[in-house]
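The values are calculated or read from the model by the stated rules, or taken from the named source; none is laboratory data. No experiment lies behind these values; they were computed from the predicted model shown. Here the Cβ is made from the backbone with ideal geometry for all residues, glycine too, and neighbour counts use every protein chain on show. All accessible areas refer to the heavy atoms of the entire protein, side chains included, with ligands and DNA or RNA removed. Shrake-Rupley method; radii C 1.70, N 1.55, O 1.52, S 1.80 Å.
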Amino acid sequence: MSFDYKDQVVVITGGTRGIGRGLTEAFLKAGATVYATYARNDEAANAFKESQAAYGEQLRLAKFDVTNSVGIQSFFAKLETEANRLDVLINNSGIRKDNMLAMMPDDEWQNVLDTNLGGTFLMSKYAVPLMMKNRYGRIINMSSIGGRLGLPGQANYAASKAGQEAISKVLSKELGKRGITVNNILPGFIETELIADLPEEQVKEYKKQVPLKRFGKIEEVASAVLFLASKDASYITGASLEITGGL
């Protein structure tokens, strides 16, 4: 399928790296104006912007932390002034801080929950009023199959990702009558820097568990997101799509 997002405004948190970068590139190619957010690394974000120079003002960077409600409100106030619309929000920002639960420092638990789940809550909270203006919107939460599998050492990550799936269900029921759909993507092992720190032996073991015997590609995730964010997916809401190679 080919998708046309011309005249649509898309916000992608964590949109300059990993899966978020791939999603930004996919939506730019489909004609959207994309606001790609990032929290800290100016150099990497600007390098990404330069790599997409062919798209000009279609790509706009926004620096703020998704755990900071003041920064988020400021961003949405600016977005309303500049575009006065929001068609698609992709809650993609996420971090991992793996540790066995009995040894996990309190801050590692809290930081992961605040970013992965709290960021989804805050971004959605302030995006909804802008979507309601046009009685149209697509919210896609980038969760993880880890929220269902419960991999050892990922109590914080799994809890945050399961929470994203739950909040998607609730929000889909709250917003359905407003023409806004809310869905959840559950990637498995995708080749990004988020899993680049895994030991080689662990990577081999994980690949053995995947029926397709390989990790997924960012482009394979982006294709699914483009569909769920499109008008063709108008009767899909509250759903969770696994992209896992059969895990």
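Annotations
- Of the residues making up the stretch 62-112, not one is of a type in the set (D, E, K, R), within 17 Å of the chain's Cα centre (by Cα) and in a helix (DSSP H, G or I).
- Some residue of the stretch 21-31 being among the basic types (Lys, Arg), surrounded by 15 or more Cβ atoms within 10 Å (Cβ to Cβ) and touching a Phe, Trp or Tyr at 6+ places or on another chain (Cβ under 8 Å): yes
- When Ile180 is tested against (1) open to solvent by less than 20 Å² (accessible area, probe 1.4 Å); (2) within 14 Å of the chain's Cα centre (by Cα); (3) modelled with pLDDT of 95 or more, exactly one condition is not met: (2).
Residues are listed down the side, and each one gets a yes or a no for (1) touching a strand residue (DSSP E or B) at 6+ places or on another chain (Cβ under 8 Å); (2) among the small types (Gly, Ala, Ser):
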| position | (1), (2) |
| --- | --- |
| Val70 | no, no |
| Leu89 | yes, no |
| Pro105 | yes, no |
| Ala127 | yes, yes |
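- Selected residue (criterion: least open to solvent (accessible area, probe 1.4 Å)) from residues of the stretch 35-85 that are among the polar types (S, T, N, Q) and within 25 Å of Asp114 (Cβ to Cβ): Thr37
- One residue stands out in the stretch 145-176 among those that are more than 17 Å from Met123 (Cβ to Cβ) and of a type in the set (S, T, N, Q): the one that is least open to solvent (accessible area, probe 1.4 Å), namely Asn156.
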